[in-house]
Each structure stands twice: as structure tokens, then as C-alpha cells.
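Accompanying notes for the structure given below.
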Amino acid sequence: MLVLENLSCGYGPFRAVQSLNLKLEEGSVNALIGANGAGKSSTLMSIAGHVKIQEGKVFYKNNELNQIAVHNRIRLGIALVPEGRRLFPDLSVEENLKIGAYHKSKQRYSTNIERVFELFPRLKDRIEQLAGSLSGGEQQMLAIGRALMAEPSLLLIDELSLGLMPKIIDQCYEVIQELKKQGMTLLIVEQNTKKALEVSEQVLILESGRKVWEGKAEDAKNNPEIFEAYLGLSS
Amino acid sequence: MLFLDLLIQGLLQGSIYGLIAVGLTLVYGLLRILHVAHAGLFTLGGYICVIVTNQTSSFLLAVLTSMILVGLAGMIIYRICYQPILDQPPFVPLIASIGLFIAMEELFRIFFGAYGLSFTELPLQEPLALMQINLKQAEWITIASSVGFVAMLAFLANRTKLGLAWKATVTDPEIASSFGVNIIQVRYLNFFIGSSLAAVSGCMMAVLNNLVEPTMGSVPSYKMLAIIVLGGLGNVRGTLIAAVLLGIIESYGTIYLDDLLDRDSIAFVFLIIALMIRPQGLFQRH
Ligand SMILES: Nc1ncnc2c1ncn2[C@@H]1O[C@H](COP(=O)(O)OP(=O)(O)OP(=O)(O)O)[C@@H](O)[C@H]1O
Ligand SMILES: [Mg+2]
């Protein structure tokens, strides 16, 4: 279970996120929505340890994350699919997946790579190819696959469907459904609110670094005016 | 035979340059720092080699001691001199590094005297003919150890988990650490390996010249900077090729251009011309 307690985080003195409270139940799928610059990526990156926590606390499975070195957070089960994928472009698909399982044994690596190839068969055909030469869709699959190699219990995904064509987006969301079935906790940042609402249980809307709405995905779906009010768009 | 002899001499010099420059390019690749003080570690390696050989009369033991101590010294330099200023613009660590290099030269002078040290009994001087090439043992060992260490480095980089972690850290330290790579450890290891290779190079230089002196690192420091630029900053393979190329050109130059230029000027003329033609270096990064 992930708990953000009065979290403020940002860059230098600048607060990108202010006093955010949030609780993710184990095995739940959660959508984090907001306009550009609202602080979505900053929230995810502060959980991962790359954006400074200025105030408040983050707990995962009762561990205070500030006490845990960035490279040990993956051992707690937290994996990241960052904004812009951030693959290792000069490394092959296989090497990228190896990094994903960096803290795992050889056996776990073999099991996990089979699982990833089941979810994304296209990666299997491109195993030797450099990650930088993959198409945008394949890169997103690899970014998700790399994170899954770590057998996370909490998966943080930033901009899942950005820049992907509808068919690939559907494919990615099928994988999300599958992960949900397996009981993984997910926090998904999305521009594509419609898709996000289909899979999530809880929805959170950020505006200028503050939480402005939180509720069940159903309520959000039934009240599209919420999105118009906060995002200036309809779901 | 002169042609072949010169080629061998060039390879020999190139091996020494290569071993120094690799450490520098490793540091640049990882931290984007021009680690000028690396040449001071090369000198330190030479001193330790002479002192330990003179004490124990074992050259092998001296080289191993030198590699370990200089490797540790490299880690300490990273910790004290670079880690606190990694967030600063690149000229800040560069200036710190130049300052440290000058300080090291002065320390060598203060501790070991201005005229340098020599072996009491110079090791590895017997001639040895292999494939009809006649060299001193020390020269063969220089070439062989460069090839050996470079092969080990290649193995480490391309065939081990550690190498993978290193490559990931070079590209994106944040994401590498998110997947469990302890990037601080990677940096320490990077300094240890690079510095101990410079130590090997210093040991070879010591035994080839039978002399270590406080300023023996100054000329290599300029050359190694030029070599890593030619090699395409951070590109290990390019750096090695550039180092060997420079060694060979110097070697032929000293014979055919001797009336015009001395050895070091030939090297710099070559480097200036090469960089005028290809300012991005002979090889691209990656
Ligand atoms: N590295 C940085 N240094 C300084 N300010 C930053 C940095 N990254 C983001 N910010 C600022 O923090 C605020 C929140 O940015 P963040 O990237 O978290 O927004 P976001 O919700 O992910 O937006 P988007 O939808 O565009 O990805 C913005 O005002 C942004 O300008
Ligand atoms: Mg963002």
C-alpha cells in the first residue's frame, strides 16, 4: 500500500506538488490526471526518488521511502515506466530487459523474460535490436517490459498512451488489465482520460500542484463536467 | 627492418598512451569531467613501482601494489575532489582537477626529490626475440599487458552484469538507479579501474626509461586529453585506436621529421591537424 502524507516536492525552492495526500490500496488501479505542468510526473518521480521531497512523507508497505536509497526502492517492489520511456538507446532490447531484472537472479530473469514476451510478442522478434531503433510503440512496450522484469508490486506509469496509435494503446491497456488481474498496484498518469477511466478504480485530478478532485472512476465517468471544469476537456 | 622496428616502437608508445587515456575516457563517459589529475596518478604509479621494486626486488609485486594503491587513490580523488561538485558546471571540476594535478607534482617533488628516482637494479632488460622481432623483455611486457588489460576491460564491459550496469549508468544514471544499480559504487569502481590502468602505464614508463620524476605526467596529460578528443570523448574503442595511431605517427615522425620537430611537437602537430579536419574527433561517441 502506498501512502503520500502531505507531500510537497519540487525543484530547488520551487514546489511542483503541494501538500498532496493520497492512499493507494493494494491491487488497485489509479489514474492521475491533470493539465500540462500540473505536477503529475513530479509526483511519480518523487516516489521513485528522483525529485526532492520538500515536506511530508511517502510510505510504501510501511517503509518511509525517504529512508530508502533510490536503488533499493526496486527491491521493495516499486518500478517506474518514466515519461518519455527513457530506455537505454545504445543497448539492445535484451540488455534493457536485463537491467530491469538487475536485482533478480538468473532463474527469475528467465522466467520474467518469458512472461514479458507473452505480453509483448513483438519484443521477442527484436531481442538483438538496439532500443533506440525501435518504433515508438515498441519502445513503450519495452519500457513496460523492462519494469515488469523487476516483478514489481507497484508500477508507476507516466504517459502510458502518449504518441501511440489507437491499436497500440489498446494493446497496452490489455496488458494493464492483465496486470490488474494479477493483483499489481498501478498508478497511471494519462492524457487519454477515457482509456484511463476504463481500467481504474480511483481517479485523482491535479491542478497546479494541488489535488482538486479525488473519487471513484465511475463517478468521474458519470460526471464529465468534472473534467471540463479542471482540464478544459471532455472525457 | 627499420619500417617494422618503427611500427613496433609506435605500438609500444601507443600502448602506454592507451592505458592512460582509457581511464580518462571512462571518467569522462560517466561524469563528463575532464580528469586532468589522472596524469598525476600515472606518475604516482611509476613512483610506487620503483620504490616497491627497490625494496622487494619483485617487479610483479611492485606493479600489483601500484595498481591497488593508485586505484584507491583514484577513488579518494573522486570522493574528495569531484563528488561534492558534480552539480557544478563542467569547468569547476576541471579547474579542481588541474589544481590537484599541480599539487600532486609538487608533492612528488617534496617527498621524493626534484631529480626523480631510478631502479637500483633495472628489471626485465634481457633481449627476447619473438617472431623475429627483437625487443627487451620490458617492451614485450608493456605491449602484452596493454593488450591483456584492454581485453579484460572489453570482457568486463560486454560480458558481465557489472559492465551492463556501467553502460546503463553512463546513459541514464537516474533510471539505472531506479532499477537497482548503485551508481555510487559504479563510479568508485570506474575510478578504481581507470586509475589502476594508469598505474600500469606509469610502471611501464618507469621501467622503459629507468626514471620517474615529478613532471613525468605533464606531457602525457596534454596528449591524453587530445587522444580522448580524437577518440570521440567517452568512446573507449576510439580512444584506444587514437592512442595507437598517435604512438605510430610519433615513432615514424621522430625518424623522418627529426630535423624539423621533436617527438612531442610531432604529436601535437598531428593532433592539431586531425582536429582541424575532424573537430568532432576521428570517431563519434558510440
Ligand atoms: N527539472 C525541473 N526543474 C525545474 N522545474 C521543473 C522541472 N521539471 C518540472 N518542473 C516544473 O514543475 C511543474 C510540474 O511539472 P511536471 O513535469 O510534474 O508536470 P506534469 O503534470 O507531468 O506535466 P506534463 O503533462 O506536461 O508532463 C511544472 O511547472 C514544471 O515547469
Ligand atoms: Mg509529465
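Can you name the residue in region A:74-86 that is closer than 18 Å to residue A:189 by Cβ and surrounded by 22 or more Cβ atoms within 10 Å (Cβ to Cβ) and is also nearest to ligand 1 (Cβ to nearest atom) among such residues? Let's see the steps before the verdict.
From region A:74-86, those closer than 18 Å to residue A:189 by Cβ are A:78-86; that's our starting set.
Imposing the further condition that a residue be surrounded by 22 or more Cβ atoms within 10 Å (Cβ to Cβ) reduces the set to A:78-82, A:85.
Numbers: A:78: 18, A:79: 18, A:80: 13, A:81: 14, A:82: 11, A:85: 13 Å.
Looking at residues that are closer than 18 Å to residue A:189 by Cβ and surrounded by 22 or more Cβ atoms within 10 Å (Cβ to Cβ), I get A:82.
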Which listed residue, of A:49, A:37, is of a type outside the set (A, V, I, L, M) and within 16 Å of ligand 2 (Cβ to nearest atom)
A:37
Just to be sure, is residue B:200 touching a Gly at 6+ places or on another chain (Cβ under 6 Å), at pLDDT 90 or above and not hydroxyl-bearing (Ser, Thr, Tyr)?
no
Of the conditions (1) free of Cβ contacts under 8 Å to residues at least 12 places away in the same chain; (2) touching a His at 6+ places or on another chain (Cβ under 6 Å), the single one that residue A:71 does not satisfy is (2)
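In region A:67-79, which residues are out of contact with any Phe, Trp or Tyr (no Cβ under 9 Å at 6 or more places or on another chain) and within 13 Å of chain B (Cβ to nearest Cβ)? Steps first, answer last, please.
Going residue by residue through region A:67-79, those that are out of contact with any Phe, Trp or Tyr (no Cβ under 9 Å at 6 or more places or on another chain) are A:67, A:69-70, A:72, A:75.
Within region A:67-79, A:69, A:70, A:72, A:75 meet the criteria.
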Against the condition more than 12 Å from residue B:204 (Cα to Cα) and part of a helix (DSSP H, G or I), how does residue B:45 come out, does it pass?
no
Result of the Cβ filter at 6 Å on region A:34-50, keeping first residues that are at negative phi and partners that are near ligand 1 (Cβ under 6 Å from one of its atoms) and assigned to a strand (DSSP E or B), at least 6 apart or interchain, is A:40/A:34; A:42/A:16
Checking residue A:109 against (1) under 30 Å from residue A:197 (Cα atoms); (2) within 14 Å of chain B (Cβ to nearest Cβ); (3) away from ligand 2 (no atom under 16 Å from the Cβ), which test does it fail?
(1)
With the first residue restricted to region A:154-176 and required to be within 13 Å of residue A:199 (Cβ to Cβ), and the second required to be charged (D, E, K, R) and within 13 Å of ligand 2 (Cβ to nearest atom), Cβ contacts under 9 Å at 6 or more apart or on different chains are A:157/A:190; A:160/A:190; A:161/A:190
Tell me the helices (runs of 4 or more DSSP H) entirely within region A:103-166 that contain at least 2 residues that are within 16 Å of ligand 1 (Cβ to nearest atom) and modelled with pLDDT of 95 or more.
A:136-148
For residues that are surrounded by 16 or more Cβ atoms within 10 Å (Cβ to Cβ) and under 23 Å from residue B:206 (Cβ atoms), tally how many sit in region B:141-172.
8
Does residue A:47 satisfy the criteria of being more than 14 Å from chain B (Cβ to nearest Cβ) and either assigned to a strand (DSSP E or B) or under 17 Å from the mean Cα position of the chain (by Cα) (or both)?
no
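Quick one: would you say residue B:78 is of a type outside the set (Gly, Ala, Ser), within 24 Å of residue B:218 (Cβ to Cβ) and outside any helix (DSSP H, G or I)?
Judged against the criteria, residue B:78 is not a match.
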Looking only at region B:156-179, which residues are more than 9 Å from every other protein chain (Cβ to nearest Cβ) and out of contact with any helix residue (DSSP H, G or I) (no Cβ under 8 Å at 6 or more places or on another chain)?
B:158, B:159, B:160
Which residue out of A:64, A:26 is more than 9 Å from ligand 1 (Cβ to nearest atom), in contact (Cβ under 8 Å) with a residue 40 or more places away in the chain and away from chain B (no Cβ under 14 Å)?
A:26
Within region A:160-177, does at least one residue satisfy the condition of being of a type outside the set (Asp, Glu), within 16 Å of ligand 2 (Cβ to nearest atom), crowded, with 20+ Cβ neighbours inside 10 Å and over 17 Å from residue A:47 (Cβ atoms)?
yes
Is it the case, given these coordinates, that residue A:77 is under 17 Å from the mean Cα position of the chain (by Cα), modelled with pLDDT of 95 or more, away from ligand 2 (no atom under 16 Å from the Cβ) and closer than 20 Å to residue A:3 by Cβ?
yes
Do we have any residue at all in region A:121-140 that's more than 29 Å from residue A:6 (Cα to Cα) and within 16 Å of ligand 2 (Cβ to nearest atom)?
yes
Taking residue A:75 and the conditions (1) touching a Ser or Thr at 6+ places or on another chain (Cβ under 9 Å); (2) part of a helix (DSSP H, G or I), which numbered condition does it fall short on, given that it satisfies the others?
(1)
All positions within region B:187-205 that are surrounded by fewer than 21 Cβ atoms within 10 Å (Cβ to Cβ) and closer than 15 Å to residue B:86 by Cα:
B:188
Residue within region B:140-152 that is within 14 Å of chain A (Cβ to nearest Cβ) and more than 30 Å from residue B:2 (Cα to Cα) present
no
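The values are calculated or read from the model by the stated rules, or taken from the named source; none is laboratory data. Remember, predicted model here, so these are calculated numbers, not experimental data. Every residue, glycine as well, gets a Cβ built from its backbone with ideal geometry; the counts of neighbours run over all protein chains shown.
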